1. Which number in (1) surrounded by fewer than 19 Cβ atoms within 10 Å (Cβ to Cβ); (2) closer than 24 Å to E117 by Cα; (3) within 13 Å of the chain's Cα centre (by Cα) marks the one condition that L290 misses?
2. Give the residues of the stretch 158-202 that are in a loop (DSSP other than H, G, I, E, B) and of a type in the set (D, E, K, R), sorted by residue number.
3. What tally of residues in the stretch 12-50 results from selecting those that are of a type in the set (G, A, S) and either in a helix (DSSP H, G or I) or free of Cβ contacts under 8 Å to residues at least 40 places away in the same chain (or both)?
4. I'd like the full set of residues that are in contact (Cβ under 8 Å) with a residue 24 or more places away in the chain and in a loop (DSSP other than H, G, I, E, B), limited to the stretch 56-104.
5. Would you check which residues across the stretch 245-280 are in contact with a Ser or Thr (Cβ under 8 Å, 6 or more places away or on another chain) and not hydrophobic (A, V, I, L, M, F, W, C) and list them?
6. Could you count how many residues in the stretch 16-32 are among the hydrophobic types (A, V, I, L, M, F, W, C), surrounded by fewer than 21 Cβ atoms within 10 Å (Cβ to Cβ) and modelled with pLDDT under 95?
7. If you go through the stretch 45-54 one residue at a time, do you hit one that is touching a helix residue (DSSP H, G or I) at 6+ places or on another chain (Cβ under 8 Å) and under 26 Å from F261 (Cα atoms)?
8. So for the stretch 253-268 (the condition being of a type in the set (S, T, Y) and crowded, with 23+ Cβ neighbours inside 10 Å), does at least one residue qualify?
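The values are calculated or read from the model by the stated rules, or taken from the named source; none is laboratory data. Model, not experiment: these values are computed from the prediction. Here the Cβ positions follow ideal geometry from the backbone for every residue, glycine too, while neighbour counts run over all protein chains shown.
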Amino acid sequence: MKSVKGLVYAIVSSATFGLVPFFALPAIHAGVAVNTVVFLRFFLSFLAMGVVLLIKGTSFKVTKNEYKMLCLLSIFYAATSMLLTLSYLYIPSGMATTIHFLYPVLVTLIMILLFKERGNWVIYLATALAVVGVGFLGNSGEGASFNTVGLTLALITVCTYATYIVGIQKFRLRDMDGLKMTFYVLLNCAIIFFINVLVQDGSFSPIPDVSTGIHLVLLALVPTLVSDLTLILAVKRVGSTTTAILGCMEPLTAVVMGVTFLGETCSLLQVMGIVVVLFAVILAIVGTQLKRQKEKAA
C-alpha cells in the first residue's frame, strides 16, 4: 500500500510540475519580471503551507543539522526553478522541458554508481523509454531555433534537479514530516529569490491586472506547493529512481494543456511520444512492484 501511494504521489508531482509554463509564461508576457514571478511563486506557496501546518497543529521545530540539510536541498531546488524559467525566454518551453527531462537518467546513474542501488531490467527499460517518449513529445513538427544560452540553462537543471531528488532520499531527513520538509524548502527558496530580486532588479514588478494575479497564485499552489509536497512524499515511499522515471508525466501534461487550452497542434511524433510515455509509466510501476517483492523475499 505504501508503494502504491508513492507511485500516485510521483505521478501527481510530475503532472502538476508540468503546469509551470502554463501559469508562469502569461505573467511574464504581461510584464512581470522573471525574478518577481519566481519569488512570488515560492513566497505564496510557503505562506499557504504555513497555514496548513498551523491548521494541522504540526510542530515547526527542526534541529540545526536538519536545517542545514534543508538549506542545501533548497539551493538545488531554487537553482532548478530559476534556470528552467529563464530557459523559457531563450528556447521553446517544450524543448526546455525535454532537455530537463534527462534528469531521470542522471538520478539512475547516481544511485547505481554512488550508492550501489540494485535495480532491475524493467526499471532500466522504463528509464530509456521515458527519455525517448519525452524526446518525441518535445518535437512539435515545427522548426525551433537553437540557442546556446537556453540549452545551457536547461542542461544545468538536469544536474540540480537530479541532486535535489537524490538528496531527499539520502540526506538524514527520511523521518521528517513531509509537510514540514516542504514548508522549509519553500521558505528557503522564497528567501533566496527575495535576495535575488533586490540584487538583480532592485525592486519588485507590479502585478498589472487580476488575471495575472490569479496566474501567479495558481503557479504557487499547483506546480509548486502540490508538486513539491507530493515529490517529497513519493521519494520517501518509492525512492528517487522510480520517482524520477514517473516524472515523464510532466512533459505529457505540458503537451496536453497546450493542445487543450492554448490551441497548439499535436504532431504524429507527439502522439507516439504519449504512447511511449504511458508505456514507460506502466513499466516503472511494474518494475517497482517487482523490486518490492524481491526485497520482501530476501
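1. Only one criterion is unmet by L290, namely (3).
2. Scanning the stretch 158-202 gives R172, R174, D175, D177, D201.
3. Here the count works out to 8.
4. Filtering the stretch 56-104 down to residues in contact (Cβ under 8 Å) with a residue 24 or more places away in the chain leaves 56, 58-60, 62, 65-67, 69-104.
Residues satisfying the conditions are T58, S59, F60, V62, Y88, L89, Y90, I91, P92, F101, L102.
5. G247, E250, P251, T253, E264, T265, S267, Q270
6. Total meeting the criteria: 4.
7. yes
8. No, the stretch 253-268 has no match at all.
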